[in-house]
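All remarks here apply to the structure that follows.
Bear in mind these aren't lab numbers, they're just calculated from the coordinates by the rules spelled out. Note that the coordinates shown come from a computational prediction; the quantities given were computed from them, not determined experimentally. Every residue, glycine among them, receives a Cβ derived from its backbone with ideal geometry; neighbour counts consider all protein chains shown.
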Amino acid sequence: MTEEKKQKRQFYVILLIVFLGFLGISMPYLIFPALFLNPDYSILPVSWGESSRSILLGITLAAYPLGQFIGSPILGALSDDYGRKRLLAGSLLITALCTLFTGLAVAWQHLGLLIFSRFATGLMEGNIAIARAMAADITTISKHETFGKINAATSIAFLIGPLLGGLMSDKNLSTRLTTSTPFYLTSLFFIGLAGLSALILENKVSNLAGETRSFWQRINILKRVSVLFSNKYLRFLMITSTCFTLAVDIFYEFGPVYLTVRWAMGPAHLVLYNAILCLALATGNGWVPTLISSHTSNQFAIICSLGGLALFLIGIVLANSTVFVMLLFALSGLAIGLAITLITVKISDSVSDAIQGEVMGVQVSLRVLGDAIICLLGGVSLLLSSKLILLAASGMSICAMLYFAQRYWK
C-alpha cells in the first residue's frame, strides 16, 4: 500500500471516530433541560423553586466545558509525547465509563454524581484536539481538506445526535426508554470507538527529538500556555479564534432562544432552523475552504467571514420575515464554517509538528472556557434582551475581524 493510500485510510478512520464520537456527545444534548425544568422528567424534588432549578441547570451544563478546558490541552500535550493512538483510545475508554456514570446518576436522581460525571467526561474529552493533531500529521492531504472535513463531520453529528437522543428517551415510543438510555448507548459507542482506535490507527509520537518534559511540566496548563503564547503570531491567532468562537457560541446558545421569543417558534421549527444551520456549517467547513483557498488569500477570506457573520446576526435581529431569517441562518453557517477551518489551518501552520496536539488542545480549551461562561451567565443575560445578546455576538465578531485585519492592513 502506497503512503498516500495509507494516509487516506488513516484519515477516513479519524473522520469516522470524530463523527461517531460527536454523535455520542450530542445525543443527550436536549435531555438536560428536561431533567431540571420539566416535572415529568425532573431529577430534582418537586418542592425546589424555578430559580434553583435554572441555576443548577447552568452549573450542570457548565461542568462539561470546564472539564474540557482543563483536559484538552493536557491530553493534547500528552499525545505529542506518548502517541496519538494511545491517548485517544485511553480517553475514549475513560469517557465511556464517565458517560455510564452519568446515565446511572440520572437513573438514581443523584445530582452530585451527575455534575461530577459531566465534569469528568469533559476532562477526558480531548478527542477533537487529538483528531486535529492527527490530521495535521497527514502530509498527503491538504489541511484545508482534513480540518474542514473533521469540522464538517462534527456539524453533521450535532445535527443527527440530538434527534436520536430525543427519540431514545421518549417514553411515548416505548415504556422501556428512559432519560438514561441515551447515556448508556453513548457509553457503548465510546467503548467501540476506543477499540477501533487501538486496532487501526497508527501510534505516531511527534515529540521524538523535542524537549524532555516531566509529567508535571506536561500538565501545568498555565505554564504551557505562557510558553506557547511567547510565539507572538500564535498568540495573535489564538486571540482571534477565541474572540470569534465566543461570538459563534453565543449564537449557538441564544439563536434558538431569540427565535422562540421573537417568533414563538416551537420545537419542530427550531429543529428545522438547527438543521439548516448544521448543513450550512458542514458545507462551510468541508468544501468551501478548499474552493476559496484556490481563488483568494486565506487572510481575505477570514476577514470577509468574520465581518459577514456580524452582518448576518444584525440581519437576524432586524428581519421581519422567517424566510429571510432562515436564509441568514444558512449564510451564518457558511461564514462560521469557513472562518473556523481557515483559522485552525493558520494556527496549525504557525507551530512545529512536535506540539500540534498541545496547540490544538489549547485552542479547544479556550473555546470551551467561553462555553462555560456562557452557560453560567446565559440565564442572567436573558433578563436583559435576547436581541441584545445577538447584537453582542455581532459586536464580538466585528472585534475579531478588526483585530485580525489590523495585522494585514499595516
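Annotation for segment 231-282 versus segment 82-155: alpha-carbon center distance of 21 Å. Result for the chain in a Gaussian network model with C-alpha springs under 10 Å: among Gly370, Gly112, Gly337, the largest mean-square fluctuation is at Gly112.
Look at the dipole of segment 227-409 built from charges on Cβ: of Val288, Leu277, Leu309, the Cα furthest out on the positive end belongs to Leu309. For segment 61-75, putting each phi into the Karplus relation 6.51 cos²θ - 1.76 cosθ + 1.60 with θ = phi - 60° gives couplings of 5, 6, 4, 5, x, 5, x, 4, 4, 7, x, 4, x, 5, 5 Hz, in residue order, rounded to whole numbers and with x for Gly and Pro.
How big is Rg to Rh over the chain, alpha-carbon atoms, Rh as the Kirkwood inverse-mean-distance radius? That ratio equals 0.95.
Picking from Tyr233, Val325, Ser155, whose Cα lies most toward the positive end of the charge dipole for the chain (charges on Cβ: Lys, Arg +1; Asp, Glu -1)? Working it through, the farthest residue towards the positive pole turns out to be Tyr233. Annotation: the residues Leu100, Leu193, Leu388, sorted from fewest to most other C-beta atoms within 10 Å of their own C-beta, follow the order Leu388, Leu100, Leu193. If you run the Gaussian network model on the chain, springs between alpha carbon atoms under 10 Å, then out of Arg132, Arg262, Arg84 the most flexible one is Arg262.
Within the shell defined by Cβ-Cβ distances under 12 Å, the residues around Ala34 carry a net charge of 0, with Lys and Arg each +1 and Asp and Glu each -1. Taking a straight Cα-Cα cut-off under 14 Å and skipping sequence neighbours fewer than 8 places away in the same chain, the aspartates and glutamates within cross-link reach of Lys387 are Glu253.
Highest mobility in the GNM of the chain, judged by mean-square fluctuation with C-alpha springs under 10 Å and restricted to Ser26, Ser197, Ser51, is found for Ser51.
Order by neighbour count: Leu44, Leu309, fewest other Cβ atoms within 10 Å first, most last. Display every interim value, and only then the final one.
On the way: Leu44 17, Leu309 29.
Fewest-to-most ranking of Leu44, Leu309: Leu44, Leu309.
For segment 227-409, a Kirkwood radius taken over Cα pairs fed into Stokes-Einstein (10 °C, viscosity 1.306 mPa s) yields D = 94 µm²/s.
Near the amide H of Met265, within less than 5 Å, lie the amide hydrogens of Thr260, all on another chain or at least 5 residues away, with H placed in the peptide plane. Listed values for segment 155-169 are Karplus-derived 3J(HN,Hα) couplings in whole Hz (6.51 cos²θ - 1.76 cosθ + 1.60, θ = phi - 60°), namely 5, 5, 4, 6, 7, 7, x, x, 5, 5, x, x, 5, 6, 10, and x replaces Gly and Pro. Computed over neighbours whose Cβ is under 15 Å from that of Val288, the net charge equals +1, Lys and Arg +1, Asp and Glu -1. Phi angles across segment 81-88 convert, under the Karplus curve 6.51 cos²θ - 1.76 cosθ + 1.60 with θ = phi - 60°, into 3J(HN,Hα) values of 8, 10, x, 5, 4, 4, 5, 5 Hz, Gly and Pro given as x.
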